[in-house]
Amino acid sequence: MARLVVVSNRVPLPSERGAKAGGLAVALADALQPGSLWFGWSGRRSARGSATTHIQRSEGITYATIDLTEADYQSFYVNFSNGALWPLLHFRLGLLDFRSDDYDGYRSVNRQFAAGLLPLLRPDDLIWVHDYHMIPMASELRALGVTNRIGFFLHTPFVPSSIFNALPRSAELLSNLCAYDVVGFHTRTYRAAFLDCVAENLGLHPDPDGRFVWRGHSVRAIVDPIGIDADAFAQRAIESARGSDARLLRDSLSKGGLAIGVDRLDYSKGLINRFEAIGRFFANYPQHRRQVSFLQIAARSREEQGAYQRLRRELDRIVGDTNGRYSEFDWTPLRYMTRAVKRDTLAGFFRLSRLAVVTPLRDGMNLVAKEYVAAQDPADPGVLILSRFAGAAEELTEALIVNPYDSDEIAEAMHIGLSMELEERRERWQSLHKKVAANTARRFCTVFLSHLGRVDTQPERPHLRAIS
Ligand code: GDG
């Protein structure tokens, strides 16, 4: 069997796993069999940068990492990946900050990744590259003569050509995507947007299965929604709901209970609109005052960027305003923490909550929505409010689907959710749970890798070399 090589910006090193373990490491857990290799950035900045590859082994898996120089970190990671590509792929052209020096840094780091990975590769390795930081990786590997099968999965949305083309050098990035054998997206909508770019910008005509040929090279765009291990998460939730954190939280609540939001502190997550909606909820439905509390856990993220600093200041202001307006001496409507909490604690809190409000303005998938469903008590499940612009909304249609820009609609959904009869809650939850339980993390990996494994190996791919 071919060896799996995973490439991602950040490698979750076994030595660092703690409260925040999750994300990609959890999603890929089953696919990463002993013998696999995970390659990427160590998370460290050092003067020597990528000159040395650091190797760690744990449970039969090899973790190979390189450092970045401070300059590369700024241009590749902070400025181009998170200051240009992230807003672009979340439809936020107003926040797009492009500088060609940063783009050069992005290309350079991808080249360094390819050079660092090359000596570790074996001829029949399956290479699976993750996310928007690494779009040029296949082109860079091809330029070094690598003929292995290489797949790419995009964890963010993809945008239609009218938006994509606003990015200077978008044509190059699109060509870079076409150097992969398989390109995966969470939803049909994102794949359609990618194929729209391919048709519009490259003049190609993909077939209904997402196949097209670019410079003699066959590319397949697939839909492969990421999932979670629902049973394992439910077990965590059951145990954690009996633990001390959950007890403390439960004891602090009024009889109307808890509504919860859990997100990275990111402008794509719709927190400003959500906090406004919470104000509207207590204004429009005063019967819930003193009864219901909203807990927002928003772990700080990308703090070196101005857009995130401004977001945090604005959220601080709205929380202060809402709590100042509606608090009583013994009740706080909006509890807001910007620290991460342990994954177990989170699972228990989900189980305690009568309502989850997941209202990103755009989101590739949104795993919180799936985790909330998995964590519920089947006998007395809570209600999920979900943005129509989260990838998860394509699957989780029995949630209360809202437009995240409409604070009144979110407020109304909160009222409907909290007033919903047990029978309807159960019916909705059963349908949601069936989907979450069927679409596991394991299935996500198996589908992607079986597509990649079926690609014919081509001895020479000289036409793909050095796309710039
Ligand atoms: C990207 C895409 C796509 C959150 N706060 C804490 C914490 N979390 C965990 C959640 C969940 C994960 O982090 C967040 O995943 P999301 O999917 O919600 O969002 P992104 O981080 O933006 O992820 C997204 C995803 O990639 C996968 O493809 O779904 O659309 O943007 O697991 O539970 N975990 C802990 N403490 C926290 O405070 N331990």
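Quick notes on this structure:
- Matching option when the condition is farther than 15 Å from Ile272 by Cα and outside any helix (DSSP H, G or I), among Ala374, Ala356, Ala369: Ala356
- Verdict on Gly49 being within 16 Å of the ligand (Cβ to nearest atom) and under 18 Å from Leu118 (Cβ atoms): no
- Some residue of region 397-409 being in contact with a helix residue (DSSP H, G or I) (Cβ under 7 Å, 6 or more places away or on another chain) and part of a helix (DSSP H, G or I): yes
- Among residues of region 318-370, those that are buried (at least 24 other Cβ atoms within 10 Å of the Cβ) and out of contact with any helix residue (DSSP H, G or I) (no Cβ under 9 Å at 6 or more places or on another chain), counted: 0
- Just one residue in the set Pro160, Pro225 is open to solvent by 10 Å² or more (accessible area, probe 1.4 Å), more than 22 Å from Val6 (Cα to Cα) and within 21 Å of the chain's Cα centre (by Cα); that residue is Pro160.
- Among the criteria (1) assigned to a strand (DSSP E or B); (2) within 16 Å of the ligand (Cβ to nearest atom), the one Asp245 does not fulfil is (1).
- When residues of region 274-323 are limited to those that are within 28 Å of Asp97 (Cα to Cα) and among the aromatic types (Phe, Trp, Tyr), the one farthest from the ligand (Cβ to nearest atom): Phe275
- The set of residues from region 151-198 being assigned to a loop (DSSP other than H, G, I, E, B) and aliphatic (A, V, I, L, M) comprises Leu154, Val159, Ala166, Leu167, Ala179.
- Qualifying residue in region 355-368 (condition: more than 27 Å from Leu89 (Cα to Cα) and more than 17 Å from the chain's Cα centre (by Cα)): yes
- A single entry from Gly320, Gly279, Gly227 fulfils the requirement of being touching a strand residue (DSSP E or B) at 6+ places or on another chain (Cβ under 9 Å) and either modelled with pLDDT of 95 or more or in the same structural domain as Val78 (by TED's automatic domain parsing) (or both): Gly279.
- Residues in region 371-408 that are surrounded by fewer than 18 Cβ atoms within 10 Å (Cβ to Cβ), charged (D, E, K, R) and away from the ligand (no atom under 16 Å from the Cβ): Asp377, Asp380, Asp406, Asp408.
- The criterion of at least 1 residues that are over 30 Å from Ser450 (Cα atoms) is met by the following helices (runs of 4 or more DSSP H) wholly inside region 63-150: 86-89, 100-117.
The values are calculated or read from the model by the stated rules, or taken from the named source; none is laboratory data. Given the structure is predicted, the values throughout are model-derived calculations rather than measurements. Here the Cβ is made from the backbone with ideal geometry for all residues, glycine too, and neighbour counts use every protein chain on show. For accessibility, only protein heavy atoms count, side chains too; no ligands or nucleic acids. Shrake-Rupley method; radii C 1.70, N 1.55, O 1.52, S 1.80 Å.
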